[in-house]
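Beneath this line is the structure, given in structure tokens, with notes to follow.
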Amino acid sequence: MRTTTRNITAIALMVLAVLLGSGAMLGSAAARLADRPDPLQGILGPLASDPELRRVLPVTLGTELAARITAETAVPQILAGPLENAIATASGALLEDPTFRPAWDATIESTRADFTARLQAAKDPGAGSHVATEQVTVHLDIAPLLGSGYRTLHASLQGSALGAVLPEAIPAAPVVLDTGWPRADQLPTATLNNWLSLARGWAWMLGGAVLAAASGMLLATRSGRPWALLAGGAAALLLGTATRLWVGSLGSSGAEDGTAGLQSVVTDRLMAGVAGEFGAATTILFIGGIVVVLGGAGWAWPASRTANAGPRG
């Protein structure tokens with residue numbers, strides 16, 4: 001094989017190694033977010049003590065509790081006002097109740113499991129339902145929070161006329177709040193499913209990256225190896241920049257009426273967490289790319305000086 005052909009092939013292999021290695025890092029982060037509970041708990045769990053969540057959550061819980069209670073029980077008109085006040089008090093008190101944090105954690109896991117299940121259903125063209133064609137977005141299932149809120153409410157009304165009217169428990173059916181993210185114009189469901197399928201093969205991509213890098217360095221000539229390194233480092237810098245810009249462009253659709261509700265608070269924190277998960281990979285690409293470019297340049301410069309010096313007369 002001619003020297004030029006060997007070096008060009010080596011450069012292509014080094015760029016391929018960077019692409020596969022980047023895919024392995026980003027894929028590992030994406031697969032962990034989709035398939036394991038820990039990452040999402042780490043992102044959304046701290047919201048339990050966030051002031052903004054504590055501002056909007058009682059309002060949402062109060063609205064949903066009132067709707068669930070009135071759907072299950074005929075509350076006399078004379079008790080409607082006291083019930084409204086009791087719900088507002090109980091919704092606020094839930095935030096300080098020991099049952100709140102476990103209920104919030106259950107909501108996070110239910111949200112993750114529901115999202116991945118609907119993504120899987122969307123991959124099946126024979127699903128026979130709108131799930132197969134609609135944009136799959138993150139749905140908050142606040143049923144665990146409603147259950148805890150109702151228990152707090154019922155306990156506070158023990159011995160009262162209103163407490164005698166209310167049932168011991170309300171049905172634990174899902175209570176879904178749509179965040180509207182990811183948006184179809186930014187990350188269509190079909191694209192997300194394809195990327196997740198690739199992401200779950202991150203270990204194969206990592207092995208391919210190692211093989212491609214080793215093959216490139218072995219194939220390149222001694223004078224061509226610095227340039228193969230330079231190409232790989234430049235590819236890492238470009239890919240890291242592009243990935244960071246793309247992740248930063250993803251945003252929530254926001255509330256339709258312009259208000260910051262529970263969905264907006266959760267989606268903003270989710271996006272910041274996702275950016276953080278992928279940001280670690282892009283940081284590695286940046287730093288690794290700079291190091292490799294500098295190393296390749298440092299290797300290529302004396303080699304080129306030696307080659308151009310020629311014999312001295």
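Just so you know, all these numbers are worked out from the coordinates, no wet-lab data involved. Bear in mind the structure is a predicted one, so any value in this text is a computation, not a measurement. Cβ coordinates were reconstructed from backbone atoms using ideal geometry, including for glycine residues, and neighbour counts include every protein chain displayed.
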| Positive dipole terminus of the range 1-154, leading residue within Leu57, Pro46, Leu95 (C-beta point charges) | Pro46
| Once label points are set 7 Å from the Cα along Cα→Cβ at both Arg54 and Lys123, what is their separation, rounded to one decimal in nm? | 4.1
| task | Taking the dipole about the Cα centre of the chain, with the C-beta of Lys and Arg at +1 and of Asp and Glu at -1, give me whichever of Trp202, Leu26, Leu294 is farthest to the positive side. | result | Leu294
| request: Just subtract the alpha-carbon distance of Thr89 and Trp195 from 0.36 nm times their residue separation and send over the number in nm, one decimal. | output: 33.6 nm
| said: Give me the percent relative contact order of the range 46-178, please, defined on Cα pairs under 8 angstrom at least 6 residues apart. | reply: 30
| task | Within the range 1-90, report the trypsin sites (Lys or Arg not before Pro) that DSSP leaves as loop and that have at most 13 other Cβ atoms within 10 Å. | result | Arg2
| request: May I ask you to compute the full-extension gain from Ile284 to Leu218, defined as 0.36 nm times their residue separation minus their alpha-carbon distance, rounded to one decimal in nm? | output: 21.3 nm
| remark: Label model pair Ala71, Glu168: point-to-point distance (7 angstrom along the Cα→beta-carbon line) in nm is 2.3
| said: Per 0.36 nm of contour for each residue apart, how much would the distance between Gln135 and Thr241 grow if the chain were fully extended, relative to their Cα-Cα spacing? | reply: 35.4 nm
| note | Scattering profile of the chain from the Debye formula, Cα beads only, expressed as log10 I(q)/I(0) at q = 0.13 Å⁻¹, is -0.98
| query | Quick one: putting +1 on the C-beta of Lys and Arg, -1 on the C-beta of Asp and Glu, what dipole do you get for the chain around its Cα centre, in Debye to the nearest 20? | reply | 2320
| message | Quick check: pseudo-label points 7 Å beyond the Cα along Cα→Cβ at Asp178 and Arg36, how many nm apart are they? | response | 3.2
| Rg/Rh (Cα only; Kirkwood hydrodynamic radius) as it applies to the range 46-178 | 1.05
| task | Could you work out how far helix 225-249 tilts from the main Cα principal axis of the chain, as a 0 to 90 degree angle to the nearest 10? | result | 20
